[in-house]
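Just below is one structure, and these are the notes that go with it.
The values are calculated or read from the model by the stated rules, or taken from the named source; none is laboratory data. No experiment lies behind these values; they were computed from the predicted model shown. When we count neighbours, we look across all protein chains shown, and the Cβ atoms used for this are built from the backbone with ideal geometry, even at glycine. When the accessible area is computed, the model is the full protein with side chains, heavy atoms only, and any ligands, DNA or RNA have been set aside. Shrake-Rupley method; radii C 1.70, N 1.55, O 1.52, S 1.80 Å.
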Amino acid sequence: METIVTCNICGLVQTIEELRPGTAAQCSRCGSTLARAKVNSLARTAAFSLAALIFYVPANIYPMLRMEYYGAYSENTVWDGCVRLFQDGQWLVAIIVFCASILIPLFKLLGLFFLVTTTQFKSKRLQQERTWVHQIIEVIGPWAMLDVFLLSVLVALVRLRQLATVLPGPGLLAFTAVVVLTILASASFDPKLIWRQPAH
């Protein structure tokens, strides 16, 4: 089956045949990649999503930071941080942290599981709605904010070094694993499979 595509780089309209897994089609004029068929898309997406969901639990249960200040010892989870921010009147920041660190990763993982399950069974129902789910997942992806989160932890470690002993907790490693695995799961899913018709 041939598909008409437009090159995003040079704008040339051309036709490409259905690609085998692991292959790619290049533009005949500028050589840029027009389409790429991902290998084992559903299996890899399911595996990465499941691994991320497993790490999601310790990421929210175990402390992100451990701090010792003049004999006083404290541990803080992401949820503790959200509660503290809300109690201090920083409710907008608390909502952003809650959404970016707890709510959005969970919704993204559940959305990926939904797409993998319905696509695996070659369901023809709600194809347009499933496409919207994929688009929403792509939009909220940058809100994981791994770089910003790690930078804030690094600043805390450097700024508080003279005043207190601050150590990263086990939740930090789990949180990093959740973000990385979720990115890999999202990148592994091929949305074209939503509309692919079963072979007769």
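The sole residue among Asn40, Asn60 that is surrounded by 12 or more Cβ atoms within 10 Å (Cβ to Cβ), out of contact with any strand residue (DSSP E or B) (no Cβ under 7 Å at 6 or more places or on another chain) and within 30 Å of Thr3 (Cα to Cα) is Asn40. Return the residue satisfying two criteria in turn: it lies in the range 8-40 and is charged (D, E, K, R) and part of a loop (DSSP other than H, G, I, E, B), and of such residues it is modelled with the highest pLDDT. That would be Arg29. Counting only residues that are over 19 Å from Thr77 (Cβ atoms), open to solvent by 60 Å² or more (accessible area, probe 1.4 Å) and of a type outside the set (A, V, I, L, M), the range 90-125 holds 8 of them.
Search the range 167-193 for residues being outside any helix (DSSP H, G or I) and open to solvent by less than 20 Å² (accessible area, probe 1.4 Å), and hand back the single one that is farthest from Thr23 (Cα to Cα). Selected residue: Gly169. Screening the range 70-84 for residues that are more than 20 Å from Pro58 (Cβ to Cβ) and modelled with pLDDT under 80 and picking the one that is most open to solvent (accessible area, probe 1.4 Å) gives Tyr70. For first residues located in the range 131-142 and over 18 Å from Thr117 (Cα atoms), partners that are open to solvent by 100 Å² or more (accessible area, probe 1.4 Å) and part of a helix (DSSP H, G or I) and lie 6+ apart or on another chain with Cβ distances below 9 Å form the pairs Ile140/Phe107.
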